[in-house]
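Encoded as structure tokens, the structure appears first; notes follow it.
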Amino acid sequence: MKLCHFTDLFDLSSHDARNLLARAVALKAEDRAGHRTAILQGRTLGLLFEKPSLRTRVSFEAAIARLGGSAIFLRGKDVGLGVRESTADFARVISQYVDVLAVRTFSQRTIDELARHASVPIVNALSDTAHPCQAMADVLTIHEEFGRVEGLKVVFVGDGNNVARSLALATTLLGAKFVLASPRGYEFPGDFQLGFAERFLGVPLVFEHDPARAVDAADVVYTDVWASMGQEHEAEDRRRSFAPFQVDAALMKHAKPSAILLHCLPARRGEEVVSDVLDGPQSRVIPQAANRLHFQKALLCRLLGV
Ligand code: CP
Ligand code: NVA
């Protein structure tokens with residue numbers, strides 16, 4: 001089946017997820033062997049970012065460059081989506097210039113509206129409620145580490161945010177057991193829980209409020225900042241609520257000895273995770289960041305039908 005857009009993992013089948021991962025593995029192996037083929041020569045990727053980025057912007061630009069294409073970066077302020085011109089007009093016009101558009105924005109509704117009006121594929125490069133490219137790179141990292149994703153226990157310690165939601169979807173699509181460990185009131189919102197229940201009939205979405213119990217026998221411990229971009233005004237309150245959820249050596253001891261630590265980065269060292277763990281032997285955060293590049297190469301090829 002054709003994959004038209006990549007806006008949220010709710011739309012992805014397990015079959016698509018596995019195919020994308022297999023393609024990413026193959027492209028990574030070719031890349032590592034020094035075989036870079038210009039299969040996207042002449043193709044242009046647009047990037048519209050309304051929030052800051054290091055990994056997502058650079059890995060997308062590098063991904064299209066390594067496959068022979070080129071990227072055009074647009075700052076949100078310059079485009080003025082919904083201010084300088086309507087989102088629909090922007091979508092129709094940008095479709096005349098680029099072959100695929102990745103967007104980082106606040107509301108998921110903006111991404112969905114772009115997808116409705118664009119005639120080129122739209123990729124979610126992070127919204128307030130989803131970070132699907134991150135989650136797919138994360139399951140690639142987990143697969144590389146354990147040779148499978150199915151049956152593993154993946155525990156996200158922190159806020160039920162964009163990264164956590166996409167991770168819950170990606171890991172469940174591939175048959176892992178997902179647990180969210182958060183303070184009360186920071187679980188996934190009702191609409192996400194409902195969507196998850198409809199998408200994965202009978203699969204429980206497990207919430208824990210005791211981080212040590214949550215992490216017990218985990219294969220993967222994952223964390224992210226307590227206050228996401230756009231929530232800076234809540235940072236002080238969140239620091240208090242999330243303090244017992246810091247990932248440190250004591251918490252990691254509850255996981256399996258073979259467990260790995262993942263973090264989408266950027267990290268706030270000394271808040272959600274301590275440096276000893278982030279830089280320690282169980283951390284895979286740098287290969288995880290590298291995998292953004294390889295997954296996104298696979299995604300661009302798939303969306304462009306190559
Ligand atoms: N993990 C991630 O998306 O990083 P950036 O915000 O730097 O793109
Ligand atoms: N949850 C974080 C992820 C950054 C990559 C945020 O949205 O700011």
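Values for this structure:
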{"item": "Residue match in the stretch 281-293 (condition: away from ligand 1 (no atom under 16 Å from the Cβ) and either under 28 Å from F6 (Cβ atoms) or at pLDDT 95 or above (or both))", "result": "yes"}
{"item": "Subset of the stretch 176-202 that is free of Cβ contacts under 8 Å to residues at least 60 places away in the same chain and of a type in the set (G, A, S) - its residue that is farthest from ligand 2 (Cβ to nearest atom)", "result": "G202"}
{"item": "Of residues in the stretch 274-306 being more than 27 Å from M252 (Cβ to Cβ) and among the charged types (D, E, K, R), the one surrounded by the fewest Cβ atoms within 10 Å (Cβ to Cβ)", "result": "R302"}
{"item": "Residue match in the stretch 269-277 (condition: in contact (Cβ under 8 Å) with a residue 40 or more places away in the chain, of a type in the set (D, E) and out of contact with any Pro (no Cβ under 8 Å at 6 or more places or on another chain))", "result": "yes"}
{"item": "Exclusive hit being over 24 Å from the mean Cα position of the chain (by Cα) and either of a type in the set (S, T, N, Q) or within 30 Å of E232 (Cβ to Cβ) (or both), set E50, E85", "result": "E85"}
{"item": "Where L21 falls short, out of the listed (1) in contact (Cβ under 8 Å) with a residue 24 or more places away in the chain; (2) part of a helix (DSSP H, G or I); (3) within 16 Å of ligand 1 (Cβ to nearest atom)", "result": "(3)"}
{"item": "Inter-residue pairs, beta-carbon under 6 Å, first farther than 10 Å from R292 by Cα and in the stretch 53-72, second within 13 Å of ligand 2 (Cβ to nearest atom) and among the aromatic types (F, W, Y), 6+ apart", "result": "none"}
{"item": "Residue among A71, A115 that alone is over 21 Å from G230 (Cα atoms), among the small types (G, A, S), modelled with pLDDT of 95 or more and in contact with a Gly (Cβ under 8 Å, 6 or more places away or on another chain)", "result": "A71"}
{"item": "Output for the stretch 223-268, where each listed residue is among the basic types (K, R) and either in contact with a Ser or Thr (Cβ under 8 Å, 6 or more places away or on another chain) or in contact (Cβ under 8 Å) with a residue 12 or more places away in the chain (or both)", "result": "R238, R239, K256, R268"}
{"item": "Residue count for the stretch 12-57, restricted to those that are within 16 Å of ligand 2 (Cβ to nearest atom) and either of a type in the set (D, E, K, R) or exposed (fewer than 14 other Cβ atoms within 10 Å of the Cβ) (or both)", "result": "6"}
{"item": "Failed item in (1) surrounded by 17 or more Cβ atoms within 10 Å (Cβ to Cβ); (2) at positive phi, with R238 passing the rest", "result": "(2)"}
{"item": "Residue count for the stretch 90-145, restricted to those that are of a type in the set (S, T, N, Q) and over 17 Å from the mean Cα position of the chain (by Cα)", "result": "4"}
{"item": "Filter result for the condition that a residue is over 25 Å from V203 (Cα atoms), buried (at least 24 other Cβ atoms within 10 Å of the Cβ) and touching a residue at least 12 places away in the same chain (Cβ under 8 Å), over L126, L140", "result": "L126"}
{"item": "All helices (runs of 4 or more DSSP H) inside the stretch 129-209 with 1 or more residues being over 17 Å from L20 (Cα atoms) and within 16 Å of ligand 1 (Cβ to nearest atom)", "result": "162-173"}
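The values are calculated or read from the model by the stated rules, or taken from the named source; none is laboratory data. The structure presented is a predicted model; accordingly, all values stated were derived computationally and were not measured. Glycine also receives a Cβ, built like all others from the backbone with ideal geometry; neighbour counts cover every protein chain displayed.
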